[in-house]
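*Asks:* Got a structure here, written out as structure tokens. Questions coming.
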Amino acid sequence: MAAVALIGALAAPCLAQVSSYGDKSEGSNVNGGELPTVLHQVGITQKLNQPLPMDATFVDETGKPVKLGDYFTDKKPALLSLVYYKCQVLCSEEMDGLTSALEMVHLQPARDFNIIFISIDPSETPADAMAQKTRLMKRFDQPGTASGWHFLTGKQPEIDALAKATGFGYVRVPAPDGKGSQFAHASSLEIVTSDGKIAQYYLGVEYSPKDLLLGLVEASGNRIGSPVANILTYCYHYDPQVNRHSLIVARVVQLGGMVTVAGLGGFMFLMFRRDAALARGQDLTRERTDKG
């Protein structure tokens, strides 16, 4: 699976904390900075306070049929993410980023909240889901929490209903080798209230533990958050120069971080100039004193 991380348009005001983004190795721009045509069909429409389709039926990693609403009968909030398990780059990074962040959150899966991954690929199986769960449980390594991690697969109508409810746009495209297909999509994580409504979006592949903790605490009280800046990380890359897909993960930087760094740099520059000017003035004063 090839991937590219691109900065999308700011479609919503930054009224809430945005998930933190990690540094990735930089790559070239796509098509001179323009998005490939297929990515114009891909994006995240933030649907805060939207109820999820609780009657949608899926299959969990053990092969057991479940309804989405089964994970909200205990009145706990949930972290929800649409991915696909055979994706070898961005989806794995998203799951790994969430796992790393949760290691620093002072709440416990199963006891305090649920984590729900749902595949957008109807051809994936419970075995694919179990492989991802086994991998992440080894990484998370906190005994007693596995029952709070859920990896679901389902049929196309149920996937479509959930994608529509969460505003998750994706497109099936040919795989780079021409054998089979992959999915172009943006990376997102939703916090869902204890009564099954979308409370907050986090975009990207790495997340702030502080933001996750705050979001889960608020969602447990059925409080709805605010829209975040729509800076998207896309799971897809097309190289028009060689007419094929290629592997690339570019650096994604928050707009606020860029402004902060620029402001800090400007402040330091002015301080250095002032200090240099003071030093020159002191030297000149000493020279005049010595001559006098």
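*Asks:* Using beta carbons and a limit of 8 Å, which pairs, at least six apart or on different chains, have the first residue in the stretch 44-64 and closer than 13 Å to Leu162 by Cα and in contact (Cβ under 8 Å) with a residue 60 or more places away in the chain and the second one part of a loop (DSSP other than H, G, I, E, B) and acidic (Asp, Glu)?
*Replies:* none
*Asks:* Being at pLDDT 95 or above and assigned to a loop (DSSP other than H, G, I, E, B) is the filter; apply it to the stretch 124-151 and report the residue that is nearest to Leu80 (Cα to Cα).
*Replies:* The extreme case among them is Thr145.
*Asks:* Tell me which residues, restricted to the stretch 65-85, are of a type in the set (A, V, I, L, M) and closer than 17 Å to Pro126 by Cα.
*Replies:* From the stretch 65-85, those of a type in the set (A, V, I, L, M) are 66, 68, 78-80, 82-83; that's our starting set.
Val66, Leu68, Leu82, Val83 - these are the residues of the stretch 65-85 that are of a type in the set (A, V, I, L, M) and closer than 17 Å to Pro126 by Cα.
*Asks:* Moving on to the next point. For residues in the stretch 73-103 being more than 17 Å from the chain's Cα centre (by Cα) and within 15 Å of Val217 (Cβ to Cβ), which is surrounded by the fewest Cβ atoms within 10 Å (Cβ to Cβ)?
*Replies:* Pass one, the stretch 73-103, residues more than 17 Å from the chain's Cα centre (by Cα): 73-77, 86.
Within this subset, residues satisfying the condition of being within 15 Å of Val217 (Cβ to Cβ) are 75-77.
On the way: Lys75: 11, Lys76: 21, Pro77: 26.
Filtering first and then ranking leaves Lys75.
*Asks:* Among the residues of the stretch 76-103 satisfying the criterion of being among the hydroxyl-bearing types (Ser, Thr, Tyr) and part of a helix (DSSP H, G or I), which is nearest to Val42 (Cα to Cα)?
*Replies:* It comes out as Ser92.
*Asks:* Restricting the stretch 43-70 to residues that are assigned to a loop (DSSP other than H, G, I, E, B) and touching a Leu at 6+ places or on another chain (Cβ under 8 Å), which is modelled with the lowest pLDDT?
*Replies:* Looking at residues that are assigned to a loop (DSSP other than H, G, I, E, B) and touching a Leu at 6+ places or on another chain (Cβ under 8 Å), I get Gly43.
The values are calculated or read from the model by the stated rules, or taken from the named source; none is laboratory data. What you see is a predicted model, and the numbers here were worked out from it, not measured in a lab. Cβ sites come from the backbone with ideal geometry, for glycine too, and all protein chains shown count toward neighbours.
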